[in-house]
Amino acid sequence: MGLDIFVVFIYIAGMLLLGWLGMRRATSREEFLVAGRNLGPGFYMGTMAATVLGGASTVGTVKLGYVYGISGFWLCAALGCGILVLNLFMAKPLLKLKVFTVTQVLERRYNTLARRTSALVMLMYAVMISVTSVLAIATVMQVLFTLPFWVAVLIGGGVVVLYSAVGGMWSLTLTDIVQFLIKTIGLMFILLPICLYRVGGWEQLAAKLPASYFSFTAIGGDTILTYFVIYFFGILIGQDIWQRVFTARSERVARYAGSIAGVYCILYGLICAAIGMATKVLLPDLEVPANAFASMVKEGLPDGVRGLVIAAALAAMMSTASAALLAASTTLTEDLSGRDGCSLWTNRIVTLLVGLLVLALAMVVTDVISALTLAYNLLVAGMLVPLLGAIFWPRATTPGAISSMVLGCGTAILAMISYGLDSNVPIYLSLAVSVLSFVLVSLVTRKEQRQAASI
C-alpha cells in the first residue's frame, strides 16, 4: 500500500499547509472565530456541508446501509433537513445578533448564569462531536494501515488539532473547501461506481439483496423519528453549526448556499447507504459492521485509487472534528472564561488544550454512532427547550431555563446508563423532564416575582 500511503501523506501535508495559510489570515479574534463574517456562497456552502458530514455520517451511514439497506440514509437526511430549516428560517435573525456563541443568545433572554449553565452543556456536546470524528479517523487508519489504535488517534487527530489551533475558522474554511471537493469526488464519483461495477450493476444488487434493503422504512419508524428528534433539532441549536452561520457575508448567502448544502447532505446519505449495500454483497460476513467502509476500501479498490478514497473519508471526518473542536474552545473562551473576549493567542492555546483532551477521550470511546448519539442526546435534552422557550414563550424565566438544562441533561445521562446508548428512551424521557421542569419552574418563579414586586 505504498502508493496509498503516499497519497494520504500528500493529503495530510496539504491540510497542514492550508492551516498555515489560515493562520496568516486569522489576524484578529473575529477572523479566528468566524472568518471575519465574510464568506461568500461557494465557501459558505462547502464549509457548511463539510462541517455536518463527518465520521458518523460517512462510516456510520455505510454501516447502516450494510445492516439495513437504503433506509440507512435517514441519519444524513435528518441532518440535511436541519441545515435547510436553519438557513432558510433562522440565519437572518442570527446574523443580525453579531454574536459568537449560542449561549450568548440565551443570556440576552435570561441572564449570565443561564449562559454559563448552557455553556457547560454545549461544551460537553462539542467535545463529544470532536471525539466522534477523531474516533472515525483512527478507525479507518487503523484498519487500512494496520496501525496501533493510539498511533492512529495521534496521527489523524493530531493533524486536526494542529491546523485548528493555529488558524481557527480561516484554517477550517480553507481545509473544508478542499475536503468537500475530495470527499465528493472520492465517494460519489469513484467508490460508489466501482462498488456497483463489482456487484454487476444496480439490477444485480437488487437481485442479491433482500427486498427489505430497498425499503425506505426498513430501519424502523421509531428509529427514523428518533433521528429527527436528535439530529434535526441538534443541528438547529449546535454551536459548531451556528458558528458556521455566523461566517456568512449576508443573509442571502446563508439562505441560498446553506439550502444547497442541506440538499447535498441528503444526497450524501443515499450515496453512503448504497455503498453499504454493495459492501453487503461483496463482503457479506463482516464480524464488525462498523468496519464496512474501511473493509470495502481496503479489499475492493486498486492501489492509488484506494489512497484517494481514504483521503476522501478522512476529509469528511476531519472537517467535522475541527468544527466541533473550535466550537468547544469558543464556548470556553467566550462563555466560561469569565472575561469579555480573549486575545488571539489565548484562543489558540485553549483550542490546543481542548484538542489534547479530545485525543485522550478518543482512545477510550469505542463506537462512532454511540458517541454521536451521546453528544446529541446531551445537546437536545439540555438546550432545545430553554432555547425555544427564550424565543417563543414570554413567561419563561431564568430559574426555569436552568432547571430544564440541569434536569434534562441529568435525565439523559441516567437514562443512557440504564437503557444503553442504542435505546430511543433516553431522548424522549429527558425531553419530557426538560419540558415539565421548564414550564413548572417558570410559572412558579414568575408568580413569585410578581408577588415580590407587588410587596
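Does Lys280 satisfy being open to solvent by 20 Å² or more (accessible area, probe 1.4 Å) and at pLDDT 90 or above? Taking the combined requirement at face value, the residue satisfies it. Give the residue that is surrounded by the fewest Cβ atoms within 10 Å (Cβ to Cβ), with candidates limited to residues of region 187-227 that are hydrophobic (A, V, I, L, M, F, W, C) and in a loop (DSSP other than H, G, I, E, B). Applying the filter and picking the extreme gives Phe216. The residue of region 433-455 that is farthest from Met383 (Cα to Cα), among those that are at pLDDT 90 or above and open to solvent by 60 Å² or more (accessible area, probe 1.4 Å), is Val444.
Put simply, of Tyr256, Tyr264 the only residue that is over 24 Å from Ile137 (Cα atoms), open to solvent by 20 Å² or more (accessible area, probe 1.4 Å) and modelled with pLDDT of 95 or more is Tyr256. Against the conditions (1) more than 20 Å from Ala274 (Cα to Cα); (2) out of contact with any helix residue (DSSP H, G or I) (no Cβ under 6 Å at 6 or more places or on another chain), Tyr68 satisfies every one except (1).
Considering (1) in contact (Cβ under 8 Å) with a residue 12 or more places away in the chain; (2) surrounded by fewer than 24 Cβ atoms within 10 Å (Cβ to Cβ), the lone condition that Ser322 does not fulfil carries the number (2).
To keep it simple, each residue is scored yes or no on (1) small (Gly, Ala, Ser); (2) in a helix (DSSP H, G or I); (3) touching a residue at least 24 places away in the same chain (Cβ under 8 Å); (4) crowded, with 24+ Cβ neighbours inside 10 Å.
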{"position": "Leu113", "(1), (2), (3), (4)": "no, yes, yes, no"}
{"position": "Met122", "(1), (2), (3), (4)": "no, yes, yes, yes"}
{"position": "Leu135", "(1), (2), (3), (4)": "no, yes, yes, yes"}
{"position": "Thr139", "(1), (2), (3), (4)": "no, yes, yes, yes"}
{"position": "Val143", "(1), (2), (3), (4)": "no, yes, yes, no"}
{"position": "Val151", "(1), (2), (3), (4)": "no, yes, no, no"}
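Residues that are of a type in the set (Val, Ile, Thr), in contact (Cβ under 8 Å) with a residue 60 or more places away in the chain and assigned to a helix (DSSP H, G or I): does region 333-341 have at least one? No, region 333-341 contains no residue that is of a type in the set (Val, Ile, Thr), in contact (Cβ under 8 Å) with a residue 60 or more places away in the chain and assigned to a helix (DSSP H, G or I).
Here is a check on your reading of the model: is Thr117 closer than 25 Å to Asn38 by Cα and touching a helix residue (DSSP H, G or I) at 6+ places or on another chain (Cβ under 7 Å)? When the stated conditions are applied, Thr117 does not pass them. On the basis of being open to solvent by 30 Å² or more (accessible area, probe 1.4 Å) and assigned to a helix (DSSP H, G or I), does Glu299 make the cut? Yes. Return yes or no: is Leu270 part of a helix (DSSP H, G or I), modelled with pLDDT of 85 or more and surrounded by fewer than 21 Cβ atoms within 10 Å (Cβ to Cβ)? It is true that Leu270 is part of a helix (DSSP H, G or I), modelled with pLDDT of 85 or more and surrounded by fewer than 21 Cβ atoms within 10 Å (Cβ to Cβ).
Taking the criterion of being open to solvent by 10 Å² or more (accessible area, probe 1.4 Å) and modelled with pLDDT of 90 or more, would at least one residue in region 46-59 satisfy it? There is no residue in region 46-59 that is open to solvent by 10 Å² or more (accessible area, probe 1.4 Å) and modelled with pLDDT of 90 or more. On the stretch given as region 9-30, residues that are in a helix (DSSP H, G or I), more than 25 Å from Tyr268 (Cβ to Cβ) and of a type in the set (A, V, I, L, M) total 5.
Ser71 - would you say it is open to solvent by less than 10 Å² (accessible area, probe 1.4 Å), in a helix (DSSP H, G or I) and at pLDDT 95 or above? Criteria met by Ser71. Screening Thr117 against (1) part of a helix (DSSP H, G or I); (2) of a type in the set (Val, Ile, Thr); (3) open to solvent by 20 Å² or more (accessible area, probe 1.4 Å); (4) over 30 Å from Ala396 (Cα atoms) leaves a single unmet condition, (4). The set of residues from region 80-96 being open to solvent by less than 50 Å² (accessible area, probe 1.4 Å) and farther than 12 Å from Ala254 by Cα comprises Gly80, Cys81, Gly82. Looking at region 172-190, can you tell me whether even one residue there is at pLDDT 95 or above and under 27 Å from the mean Cα position of the chain (by Cα)? There is no residue in region 172-190 that is at pLDDT 95 or above and under 27 Å from the mean Cα position of the chain (by Cα). If you filter region 31-45 down to residues that are touching a strand residue (DSSP E or B) at 6+ places or on another chain (Cβ under 8 Å) and either part of a helix (DSSP H, G or I) or free of Cβ contacts under 8 Å to residues at least 24 places away in the same chain (or both), you find that the one that is most open to solvent (accessible area, probe 1.4 Å) is Arg37. Any residue at all in region 245-264 that's hydrophobic (A, V, I, L, M, F, W, C) and in contact with a Ser or Thr (Cβ under 8 Å, 6 or more places away or on another chain)? The answer is no; no qualifying residue exists. Residues in region 8-30 that are among the β-branched types (Val, Ile, Thr) and open to solvent by 40 Å² or more (accessible area, probe 1.4 Å): Ile10, Thr27. When region 391-419 is limited to residues that are surrounded by fewer than 19 Cβ atoms within 10 Å (Cβ to Cβ) and closer than 24 Å to Leu79 by Cβ, the one that is farthest from the chain's Cα centre (by Cα) turns out to be Phe392.
The values are calculated or read from the model by the stated rules, or taken from the named source; none is laboratory data. These numbers come from a predicted model, not from an experiment. Cβ coordinates were reconstructed from backbone atoms using ideal geometry, including for glycine residues, and neighbour counts include every protein chain displayed. When the accessible area is computed, the model is the full protein with side chains, heavy atoms only, and any ligands, DNA or RNA have been set aside. Shrake-Rupley method; radii C 1.70, N 1.55, O 1.52, S 1.80 Å.
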